[in-house]
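Q: Got a structure here, written out as structure tokens. Questions coming.
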Amino acid sequence: MEFKKVGAIILAAGSGQRMGGIDKLFALLGDKPLLAWSVDACERCNLIEQIVIALNGKNWELGQKLKEERGWCKVSFCLGGARRQDSVKEALNLFQGQLKDCDLVMVHDGARPFLTLRLIEDGLKMAMETGAAVAAVPAKDTIKLVGANEIVKETLPRHKLWVAQTPQIFRFDLLARAYKELFASCHSERSEESVILSVAKNL
């Protein structure tokens, strides 16, 4: 199957609680704000037609100003939610209205600045083959599985463990179906990754 239309979702609606209320996405990293690094990479990628940045009410104007300053031409904004999955859902709704027949969607955390063209293109290639692809690195720490009262049950084999990161790229219809299941479910503790795994054949 040949995929022609690719959209990117950049998540930037976090509250900044871990930095004492400071919005790190608009803090300078080198010569530009942290958020700009990943958005610039998406702007340079010819395969990506549209970028939706999910912001919150407090950084909405900062996002608009940054778009103007950097001359982003692919960027639209949506108001994100309290949870990651709420922000992705709002961005997907915007894609359905603005980017007709979208084939692939890339989801990336705006707080991760080291997004490269090669990483995007490799992920898109893999997602075209399997329907879903997630950037990950091998686990370096020793991971313990614990049971009741935090008693260690076993040490997990590190060579089988990978730490999921972003970007995460999915076929649009697959991601939309996963979110339909997520928001129809009463199990609010389910992560978006677990729902996507339940509908994806290969990841």
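Bear in mind these aren't lab numbers, they're just calculated from the coordinates by the rules spelled out. The model shown is predicted, which means the values in this text are computed figures rather than measured ones. Positions of Cβ are generated from backbone atoms using ideal geometry, with glycine treated the same way; all protein chains shown enter the neighbour counts.
Q: Among DSSP beta bridges whose residues both lie in the chain, state the antiparallel percentage, nearest 5.
A: On the way: 15 of 33 bridges.
Roughly 45 percent of the DSSP beta bridges within the chain come out antiparallel.
Q: Sticking to Cα atoms, compute the Rg of the chain to one decimal and its Dmax as the biggest Cα-Cα distance, whole number, in Å.
A: In Å, with Rg to one decimal and Dmax whole: 17.6, 54.
Q: Follow-up question, since we're still on this one. Subtract the Cα-Cα distance of V137 and V152 from 0.36 nm times their separation in residues, and report this length gain in nm to one decimal. Walk me through the numbers on the way to the answer.
A: Working: separation 15, 0.36 × 15 = 5.40 nm, distance 2.45 nm.
Working it through step by step, the gained length comes to 2.9 nm.
Q: What is the spin-label model distance, in nm, from T130 to Q165 if the labels are put 7 Å beyond Cα along the C-beta direction?
A: 1.7 nm
Q: Once R0 is set to 22 Å, what does the formula 1/(1 + (r/R0)^6) return for the Cβ-Cβ distance between D101 and N46, expressed as a FRET efficiency to the nearest 0.05? Can you show the working numbers first?
A: Details: r = 18 Å, r/R0 = 0.81.
Using R0 = 22 Å, I get an efficiency of 0.80.
Q: Report D for the stretch 46-147 in µm² per second (integer): Stokes-Einstein, Kirkwood Rh on Cα pairs, 25 °C, 0.890 mPa s.
A: On the way: Rh = 15.9 Å.
In µm²/s, the coefficient is 155.
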